[in-house]
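A short write-up of the structure that comes next.
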Amino acid sequence: MELCKMLKYEGNFSIAGVPGLSSKIMLNFLDSGGTFTRKMLPSGNAIDTVQIKDGRRFEISVVDCVNTIVFVRAQDVGVKGTELQYPINSNAELLDTLEQIRVKGGILAGLIRPQESVRPTTHSLPKIVMVAQTTDYITLTNQAVQAEDIDILSRYISMGALHKAHAVGGAMALAAACQIPGTIPSLLTSSSGSTVRIGHPSGTMYAEAVVERKETDWHVIRAACGRTARRLMEGEAYIPVSVLAAHG
């Protein structure tokens, strides 16, 4: 009886937070603009200004590609964009500010009704992401990321807390936003092409987007993200001969 099968994966592509190297597999989302709102820029603007309860005003970019994301400058909410989970998730005032901004962005996108009672657990969309220009930082695993190895810093908030890495949908929305002139990500990214290297708490992430102008909005021809694949399990299924015979 064979006890062990050894697999060897080819390629040198890696995903921060996932062990090992393998071949890069691109997950392609075609015609992915306006996934939830039918518009790449739901408000019709590259940048909007929203005001929260204490009177503070923030510039945001609301982008709908694979996922609907509210982008805000990290420095505008008082952080650098290099923070890891604890400094963000333990800062109740910051999280409350981000939630209020998220709700305002959701209203602009038509995903949240004005005066509606909203919590992260009741309305998962839109997501909110803090972005910043590149700089050196240290990851959750104490690895150094150099500014020249990334194009933009991103801190993805989901369900009221900072994601330990970065959601795929958020990465593709960010890649698309970087291609649209005037959005906050486009003003901060160092990438000038269709690819973007995202710096997140666990390391880096690679994403692509091909975007073109379409009348008063933008069309995402393709958004993609690099992933790897590995065999997790295998097995056998037994089907009665009578079942096969019954279906010809």
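Does residue 57 meet the test of being within 19 Å of the chain's Cα centre (by Cα) and basic (Lys, Arg)?
Values: within 19 Å of the chain's Cα centre (by Cα): no; basic (Lys, Arg): yes.
No, not satisfied.
Of the conditions (1) touching a Leu at 6+ places or on another chain (Cβ under 7 Å); (2) under 18 Å from residue 178 (Cβ atoms); (3) surrounded by 18 or more Cβ atoms within 10 Å (Cβ to Cβ), residue 217 clears all except one; give me its number.
Here residue 217 clears every test but (3).
Residue pairs, Cβ under 6 Å, 6 or more apart or interchain, first in segment 1-20 and more than 21 Å from residue 145 (Cβ to Cβ), second at pLDDT 70 or above. List them.
Every condition considered, the pairs that remain are 9/22; 10/23; 11/22; 11/23.
Filtering segment 128-156 down to residues that are in contact (Cβ under 8 Å) with a residue 60 or more places away in the chain and touching a His at 6+ places or on another chain (Cβ under 9 Å), which residue is nearest to residue 64 (Cα to Cα)?
Taking segment 128-156 and keeping what is in contact (Cβ under 8 Å) with a residue 60 or more places away in the chain, we get 129, 131, 134, 137, 139-141, 143, 153-155.
Going one step further and asking which of them are touching a His at 6+ places or on another chain (Cβ under 9 Å), we end up with 129, 139, 153-155.
Numbers: 129: 13, 139: 28, 153: 19, 154: 17, 155: 17 Å.
Here the residue is 129.
I'm trying to understand the selection: among the residues of segment 10-37, which are surrounded by 14 or more Cβ atoms within 10 Å (Cβ to Cβ), under 22 Å from residue 68 (Cβ atoms) and out of contact with any helix residue (DSSP H, G or I) (no Cβ under 9 Å at 6 or more places or on another chain)?
34
Looking at 99, 10, 93, 59, which is the one that is among the acidic types (Asp, Glu) and in contact with a strand residue (DSSP E or B) (Cβ under 7 Å, 6 or more places away or on another chain)? Let's see the steps before the verdict.
Working: 99 fails: in contact with a strand residue (DSSP E or B) (Cβ under 7 Å, 6 or more places away or on another chain); 10 fails: in contact with a strand residue (DSSP E or B) (Cβ under 7 Å, 6 or more places away or on another chain); 93 fails: in contact with a strand residue (DSSP E or B) (Cβ under 7 Å, 6 or more places away or on another chain).
Of 99, 10, 93, 59, the one residue that is among the acidic types (Asp, Glu) and in contact with a strand residue (DSSP E or B) (Cβ under 7 Å, 6 or more places away or on another chain) is 59.
Among (1) part of a loop (DSSP other than H, G, I, E, B); (2) closer than 19 Å to residue 231 by Cβ; (3) of a type outside the set (S, T, N, Q), where does residue 20 come up short?
Of (1) part of a loop (DSSP other than H, G, I, E, B); (2) closer than 19 Å to residue 231 by Cβ; (3) of a type outside the set (S, T, N, Q), only one is false for residue 20: (1).
Can you name every residue in segment 213-248 that is more than 30 Å from residue 7 (Cα to Cα) and of a type in the set (Ser, Thr, Tyr)?
Filtering segment 213-248 for residues more than 30 Å from residue 7 (Cα to Cα) gives 213-223, 240-248.
216, 242 - these are the residues of segment 213-248 that are more than 30 Å from residue 7 (Cα to Cα) and of a type in the set (Ser, Thr, Tyr).
Residue-wise test of (1) at positive phi; (2) among the acidic types (Asp, Glu); (3) touching a helix residue (DSSP H, G or I) at 6+ places or on another chain (Cβ under 9 Å).
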| residue | (1), (2), (3) |
| --- | --- |
| 68 | no, no, yes |
| 77 | no, no, yes |
| 81 | yes, no, yes |
| 84 | no, no, no |
| 89 | no, no, yes |
| 130 | no, no, yes |
| 137 | no, no, yes |
| 143 | no, no, no |
| 147 | no, no, no |
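What are the residues in segment 78-92 that are among the hydrophobic types (A, V, I, L, M, F, W, C) and surrounded by 15 or more Cβ atoms within 10 Å (Cβ to Cβ), if any?
Of all residues in segment 78-92, those among the hydrophobic types (A, V, I, L, M, F, W, C) come to 79, 84, 88, 92.
Passing the criteria: 79, 84, 88.
The values are calculated or read from the model by the stated rules, or taken from the named source; none is laboratory data. For clarity, every value in this text was computed on a predicted model and none was experimentally measured. All Cβ positions, glycine included, derive from the backbone under ideal geometry; neighbour counts span all protein chains shown.
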